[in-house]
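K.L.:
Dropping the structure in here first, questions after.
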Amino acid sequence: MRAMSRNDLLLFLGFSAAVLLMPIWMQPFGAAYPDLLQRFMIFAIFAVGFNILFGLTGYLSFGHAAFFGVGSYAAVWSFKLLSLDAIPALVFAIVVSGVFALLIGYVSLRRSGIYFSILTLAFAQMSYNLAYSVLTPITNGETGLQLTLSDARHLDAAIGQSSVGQPVPTLLGQSLGGFAGFYFCAGFLILAFFLAQRITGSPFGMMLKGIKSNQTRMNYTGFNTKPYTLAAFVISGMYAGLAGALLAVTDPLAGAERMQWTASGEVVLMTILGGAGTLVGPVIGAWLIKYFENIFSAINDSVLHRFFGFLPDGVADGFVAVTSKFVGEGWFLTLGLVFVLIVVFLPGGIMEGVRRIAGLFNRSRPSTTAPGKPVRQPQPAE
Amino acid sequence: MTTPNVVLHVADVHKRFGGLHALADIDLQVEEGQTHAIIGPNGAGKSTLLNVIIGKLPPSSGQVVFDGAVLTGRKPYQINQLGIARVFQTPEIFADLSVLHNVMIPALAKRDGAFKLNLMRSLDSETAIRAEAEHMLEDVGMHSRREMTAGSLSRGDKRRMELAMCLIQHPRLLLLDEPTAGMSRHDTNTTIELLKKIKARGMTKVIIEHDMHVVFSLADKISVLAQGRIIADGTPDQVRGNPKVQEAYLGGAHA
């Protein structure tokens, strides 16, 4: 096995640095608190895995939140029955969501295109409704599955460990609160990104791209495409399970709402917004959507008044009245508009925009000495 | 029973689409190393016959035997793994991928079989496959275009690349569905030269073609199909002199 190519290595190192330094560079954006950063990591893992199925293989699943939810439930059950340690919980969650994905994928992949999407949506909604009804003994219904003092925790009991007070997940006895939790999740995002990078650059990844490009040719070229698509489905299901389990580690309460179709739709939006089929795109999409959800929704009229404070009163009121529709509860409106603009003008997502800008720079470099357009003076605000 | 040097035997094949008898009583033997052309006016059933051979359409009765193995009922990928490659009338290529990758994928199918879960291997480390693909592209005169996206190639280049995708698998039988359809005279001649080069290597081919120039410059044996039946069979000279063939063609679109 040869080492990674130089470009791959640079991308990986750059990505790792950006992730690990997030508590610093997110500060000016007001998002540098561990709770939100953990969510950035978790949903980026979810989107990176989803992209293996959607971006590489071309199969649009509308039910991936089911695997996310299954991962959460499995992790919480591991906390309850085995140990408060995070590692067995993650392993258990990945295995369970993988098996679950194998079953759902086996049936759904008998169809492609819109029928595949509908089948995955149907399975996910079925899981969501079952979690609320007949599966209540496993999911604890609407209350959600949570940890209690009386949980068995056989592994912990075997080594004579007992927790005092409200049980919380740990890593080798260390607490995973605050930034420790963030770095724990960041480590898994970097690992998830590395694996996705390897898969994309492998012969297997090339076959997935071939399936997306022309499945007929793949068949007449001697490939049995079914196991390829199923493997991609299971891998992305396991990524979703890992993400769901990490969410349970940071907040050990699993509820059925994370399996709802809106959650499945969200990961589709993340991937398309960032750039389906690219490695970094889904991560950026995930971060952007979680940022909007948490930061834009928290902006209220008084924040806006302060922001427009430099304007005369009447004008400022006007600006606040208009912009307040796009923040706070209206953050969906902003997100929707951004999404529409990107899909219309940059069908390849934000990454296509990045490529276009890079292309402009490369083209304009030789002509930097040529007389350019007159530089516009920045106009002071009226 | 097939004689040892018969590679492909289409045995008594019928194909009906509802009331339409698209193929009737087709019995065809393709010998090793030969180029066997199937010609006929539009609607004679040529493409249907090819689709029955490759497993895309099941025959209503009869069977297709390749090298002792019955093809009928097998899936397209299994038929390819037995050693049959196909060039389509409209090139079936990976339009989003580079020309080089288009040719590397079939080489990987040949080496790794129908499925292999090699997730952690790097495609960049497949130097042997890459060298093989580059060599094949040189062979068809497309090496300088290897980094281009396949979808942006001209039609003639797409066809040549598709041919390279088939040839890299060293198939025992190559099926060509109108390999010069929609090509300029120049592209047609380049393709004929290329096919002659392949023929010199002793590859068995079944070729469906409208263009008589192409057929008579390449074929060792010709079967003439009209209204779903083989009306004549033999060497190019035999077929050329056959009155039934002349009648079928004069009655059809081709004067």
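The values are calculated or read from the model by the stated rules, or taken from the named source; none is laboratory data. Since the structure is predicted, the reported quantities are computational estimates derived from the model, not experimental observations. Positions of Cβ are backbone-derived with ideal geometry, glycine not excepted, and every protein chain shown enters the neighbour counts. Side chains included, ligands, DNA and RNA excluded: accessible areas come from the protein's heavy atoms. Shrake-Rupley method; radii C 1.70, N 1.55, O 1.52, S 1.80 Å.
K.L.:
Does the stretch B:41-61 hold any residues that are within 14 Å of chain A (Cβ to nearest Cβ) and touching a helix residue (DSSP H, G or I) at 6+ places or on another chain (Cβ under 7 Å), and which are they?
P.N.:
Matches in the stretch B:41-61: B:54, B:55, B:56, B:57.
K.L.:
Could you please give the count of residues in the stretch A:1-39 that are more than 14 Å from chain B (Cβ to nearest Cβ), on the phi < 0 side of the Ramachandran plot and not in a helix (DSSP H, G or I)?
P.N.:
The number of residues fulfilling the criteria is 5.
K.L.:
What is the number of the single condition among (1) over 30 Å from residue B:124 (Cα atoms); (2) free of Cβ contacts under 8 Å to residues at least 60 places away in the same chain; (3) facing another protein chain (nearest Cβ under 9 Å) that residue B:64 does not meet?
P.N.:
Only one criterion is unmet by residue B:64, namely (3).
K.L.:
With the structure loaded, tell me whether residue B:147 is within 25 Å of residue A:8 (Cα to Cα), open to solvent by 70 Å² or more (accessible area, probe 1.4 Å), touching a strand residue (DSSP E or B) at 6+ places or on another chain (Cβ under 7 Å) and more than 8 Å from chain A (Cβ to nearest Cβ) or whether it fails that test.
P.N.:
So residue B:147 fits the description; yes.
K.L.:
Please determine whether any residue of the stretch A:315-325 is closer than 20 Å to residue A:28 by Cα and open to solvent by less than 70 Å² (accessible area, probe 1.4 Å).
P.N.:
No, the stretch A:315-325 contains no residue that is closer than 20 Å to residue A:28 by Cα and open to solvent by less than 70 Å² (accessible area, probe 1.4 Å).
K.L.:
Right, here's the next one. What number of residues within the stretch A:133-157 satisfy the criterion of being surrounded by fewer than 18 Cβ atoms within 10 Å (Cβ to Cβ) and farther than 26 Å from residue A:259 by Cβ?
P.N.:
Number satisfying all stated conditions: 5.
K.L.:
Let me ask something else. For the structure I just gave you, tell me whether residue B:120 is open to solvent by less than 20 Å² (accessible area, probe 1.4 Å) and under 29 Å from residue A:234 (Cβ atoms).
P.N.:
So residue B:120 fails the test.
K.L.:
In the stretch A:295-314, what count of residues is obtained for those that are open to solvent by 50 Å² or more (accessible area, probe 1.4 Å) and among the polar types (S, T, N, Q)?
P.N.:
Counting residues in the stretch A:295-314 that are open to solvent by 50 Å² or more (accessible area, probe 1.4 Å) and among the polar types (S, T, N, Q) gives 2.
K.L.:
Same structure again: Only residues that are within 13 Å of the chain's Cα centre (by Cα) and not small (Gly, Ala, Ser): list them for the stretch A:39-53, please.
P.N.:
Listed by number, the residues that qualify are A:39, A:40, A:41, A:42, A:43, A:45, A:46, A:48, A:50, A:51, A:52.
K.L.:
Please work out which one of (1) more than 19 Å from the chain's Cα centre (by Cα); (2) open to solvent by less than 10 Å² (accessible area, probe 1.4 Å) is the condition residue A:5 fails and give its number.
P.N.:
(2)
K.L.:
Filter the stretch A:226-248 for residues that are open to solvent by 10 Å² or more (accessible area, probe 1.4 Å) and closer than 20 Å to residue A:111 by Cα; which is nearest to the other protein chains (Cβ to nearest Cβ)?
P.N.:
If we take residues in the stretch A:226-248 being open to solvent by 10 Å² or more (accessible area, probe 1.4 Å) and closer than 20 Å to residue A:111 by Cα, then A:227 is nearest to the other protein chains (Cβ to nearest Cβ).
K.L.:
Of all residues in the stretch A:172-205 being open to solvent by 50 Å² or more (accessible area, probe 1.4 Å) and modelled with pLDDT of 95 or more, which is nearest to the other protein chains (Cβ to nearest Cβ)?
P.N.:
By that ranking, first place goes to A:195.
K.L.:
Now, a different point. Of everything in the stretch B:78-113, what is part of a helix (DSSP H, G or I), facing chain A (nearest Cβ under 8 Å) and among the aliphatic types (A, V, I, L, M)? Give them in sequence order.
P.N.:
Answer for the stretch B:78-113, where residues must be part of a helix (DSSP H, G or I), facing chain A (nearest Cβ under 8 Å) and among the aliphatic types (A, V, I, L, M): B:104, B:105, B:108, B:109.
K.L.:
Ok, one more. On the basis of being more than 7 Å from chain A (Cβ to nearest Cβ), within 21 Å of the chain's Cα centre (by Cα) and open to solvent by less than 10 Å² (accessible area, probe 1.4 Å), does residue B:142 make the cut?
P.N.:
yes
K.L.:
Could you grab me the full set of residues in the stretch B:160-204 that are within 14 Å of chain A (Cβ to nearest Cβ) and part of a helix (DSSP H, G or I)?
P.N.:
B:161, B:162, B:163, B:164, B:165, B:166, B:167
K.L.:
Given B:177, B:220, which one is surrounded by fewer than 19 Cβ atoms within 10 Å (Cβ to Cβ) and among the acidic types (Asp, Glu)?
P.N.:
The conditions single out B:220.
K.L.:
For the list (1) in contact with an Asp or Glu (Cβ under 7 Å, 6 or more places away or on another chain); (2) surrounded by 16 or more Cβ atoms within 10 Å (Cβ to Cβ), I need the number of the one condition that residue B:98 fails.
P.N.:
So the condition that residue B:98 fails would be (2).
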